[in-house]
1. All but one of (1) out of contact with any strand residue (DSSP E or B) (no Cβ under 6 Å at 6 or more places or on another chain); (2) buried (at least 23 other Cβ atoms within 10 Å of the Cβ) hold for residue 473, so report the exception by its number.
2. Among the candidates 538, 563, which residue alone is surrounded by fewer than 20 Cβ atoms within 10 Å (Cβ to Cβ) and either part of a loop (DSSP other than H, G, I, E, B) or not assigned by TED's automatic domain parsing to the domain that holds residue 180 (or both)?
3. Would you say residue 79 is in the same structural domain as residue 266 (by TED's automatic domain parsing), surrounded by fewer than 22 Cβ atoms within 10 Å (Cβ to Cβ) and touching a helix residue (DSSP H, G or I) at 6+ places or on another chain (Cβ under 6 Å)?
4. So which residues in the stretch 419-433 are farther than 13 Å from residue 348 by Cβ and touching a helix residue (DSSP H, G or I) at 6+ places or on another chain (Cβ under 9 Å)?
5. Show me the strands (runs of 3 or more DSSP E) entirely contained within the stretch 579-653 in which 2 or more residues are touching a helix residue (DSSP H, G or I) at 6+ places or on another chain (Cβ under 8 Å).
6. Tell me which of these residue 515 doesn't satisfy, since it passes every other one: (1) touching a helix residue (DSSP H, G or I) at 6+ places or on another chain (Cβ under 6 Å); (2) surrounded by 23 or more Cβ atoms within 10 Å (Cβ to Cβ); (3) farther than 20 Å from residue 193 by Cα; (4) not assigned by TED's automatic domain parsing to the domain that holds residue 370.
7. Picking from 185, 161, 127, which residue would you name as being over 24 Å from residue 63 (Cβ atoms), at pLDDT 95 or above and either surrounded by fewer than 24 Cβ atoms within 10 Å (Cβ to Cβ) or out of contact with any strand residue (DSSP E or B) (no Cβ under 8 Å at 6 or more places or on another chain) (or both)?
């Protein structure tokens with residue numbers, strides 16, 4: 001099942017073919033605040049009865065966008081890098097794409113694998129694919145904006161650190177577990193049904209053409225301590241990741257992007273370098289402000305002589321515009337009304353005209369479930385999960401002992417969204433990811449999971465989804481696997497999606513949902529997760545290049561559920577933060593949480609389901625006897641148990657309670 005792609009040699013031909021198929025630890029250096037970008041955030045103080053502050057409604061002006069571009073272009077010129085610079089606002093609207101004269105039209109996705117660079121013709125997944133450089137720049141900009149918040153500032157270099165097979169990634173760290181956000185790069189997908197598309201209104205969250213980026217050269221943008229967008233620079237012809245955090249790279253794309261954020265840099269107190277995960281400090285940038293040349297701040301001086309604004313199909317018509325302030329109706333994300341959600345701190349997604357896009361409602365899956373979730377049960381679970389979130393101590397936010405911020409999604413067994421709620425300053429990426437997690441848990445716990453995967457069309461030379469089912473059954477020694485006999489949380493499915501099993505051990509055994517040969521793994525070849533959406537990504541890239549229609553706004557070619565819904569309409573996710581929901585012994589839905597540490601996400605999903613079930617009286621978590629942590633796999637003569645959820649130590653700010661998930 002080793003799939004080969006030939007995008008490196010025949011880019012346009014391949015994306016056109018995929019379009020047809022889809023129809024049907026280290027010590028980085030953070031920049032100090034400069035100009036008006038740094039300083040202490042100035043959110044609106046919490047009102048009486050509230051626990052969270054609303055982020056101040058800041059936004060990028062057209063003049064700000066021009067300055068960011070001019071600074072980035074000036075540094076790129078000084079370094080001899082003809083590149084593409086993209087700027088987005090916090091909810092992902094593309095505000096401008098500037099293409100320098102001589103910038104490469106196409107950029108190659110890295111061919112690096114665990115076992116070394118792939119030989120021509122031996123690439124797996126998207127390795128070696130040639131993609132529009134403009135698309136690469138946009139994905140980098142969206143990554144910087146979406147991974148960041150008022151409590152943390154992450155870059156694409158940060159993303160690189162947390163998505164690889166070992167954390168932290170370095171030649172000397174083989175044997176450590178995979179990155180905490182392993183697989184997050186395939187979120188915010190162009191086929192996501194949650195993401196909005198280019199059109200008359202400019203609500204978010206928007207999609208990213210390549211998902212999230214791990215290639216250095218993408219940073220968030222801040223005004224008065226408030227995240228307002230992101231910048232991405234692409235131009236060296238390679239879209240990859242940093243496999244060795246122990247060295248310091250001299251990276252022209254990152255230098256140009258770093259120049260771009262001067263005057264719009266995050267407060268030094270919240271950059272990734274100040275945030276440890278499992279004892280390792282995250283990385284923000286390998287370049288420093290002292291590495292930069294004199295700043296070019298005049299847009300007029302570079303607009304024309306150095307290049308110009310360009311249109312990107314599906315993202316921008318080539319004009320330069322200001323950003324939308326997050327938290328306003330126009331941004332697509334605003335504070336909820338009391339009628340929409342009881343918790344006064346909750347935020348919801350809206351259509352830009354006042355209507356909640358995902359109001360709480362009952363399950364739609366009566367054709368598959370004897371007693372679908374009621375709206376009362378959905379509300380109880382979401383409200384109780386939000387209460388747990390509000391009490392939880394954050395992992396990735398600064399200052400220490402901040403409250404956790406995240407997004408929570410709940411779906412039925414057909415993948416329909418029954419409710420979606422966010423805390424005020426949760427990172428935007430968690431919105432789409434929480435939905436992926438909810439759907440993934442519900443799908444792999446569903447009696448029809450194996451049947452649906454077996455019925456997914458094979459795309460010759462590209463993907464073979466049915467082949468994963470016998471791999472899983474052989475690996476688990478269970479001919480009935482993927483028929484609903486066990487409940488899978490994302491932590492469980494993530495175990496099976498790692499290139500080394502058990503996670504972190506270096507050996508010849510790959511999880512059955514990963515690439516078949518662990519030596520071929522990379523962030524551009526993850527196995528089933530990517531294979532499910534490769535035709536969609538290919539169709540979208542062809543669309544950007546003017547070679548066919550856009551991908552449908554529902555991911556995967558997995559057969560529809562009754563009524564026409566795709567159960568995996570925004571792809572799957574393979575890092576923790578979800579559980580399936582049961583009524584007695586019958587699956588009735590799934591809940592996903594994303595935006596903070598993975599153990600915190602697990603806890604909110606698990607306790608929210610338990611507490612909501614206790615309140616509503618008839619639903620809850622899977623019975624312990626069918627949870628995936630009852631599955632034992634024989635590996636090289638020893639037994640390894642899958643995992644289900646993992647709750648953090650000392651998780652709450654209002655109590656010293658420990659082991660909060662034990663016995664439930």
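1. (2)
2. 563
3. yes
4. If the condition is that a residue be farther than 13 Å from residue 348 by Cβ and touching a helix residue (DSSP H, G or I) at 6+ places or on another chain (Cβ under 9 Å), then 427, 428, 429, 430, 432, 433 are the ones that fit.
5. Passing ranges, in order: 586-594.
6. That leaves (1) as the condition not met.
7. Working: 185 fails: either surrounded by fewer than 24 Cβ atoms within 10 Å (Cβ to Cβ) or out of contact with any strand residue (DSSP E or B) (no Cβ under 8 Å at 6 or more places or on another chain) (or both); 127 fails: either surrounded by fewer than 24 Cβ atoms within 10 Å (Cβ to Cβ) or out of contact with any strand residue (DSSP E or B) (no Cβ under 8 Å at 6 or more places or on another chain) (or both).
Exactly one of 185, 161, 127 is over 24 Å from residue 63 (Cβ atoms), at pLDDT 95 or above and either surrounded by fewer than 24 Cβ atoms within 10 Å (Cβ to Cβ) or out of contact with any strand residue (DSSP E or B) (no Cβ under 8 Å at 6 or more places or on another chain) (or both), namely 161.
The values are calculated or read from the model by the stated rules, or taken from the named source; none is laboratory data. In this text, all values refer to a predicted model and were calculated from it rather than measured experimentally. For neighbour counting, all protein chains shown are included, and Cβ atoms are generated from backbone atoms with ideal geometry for every residue, glycine included.
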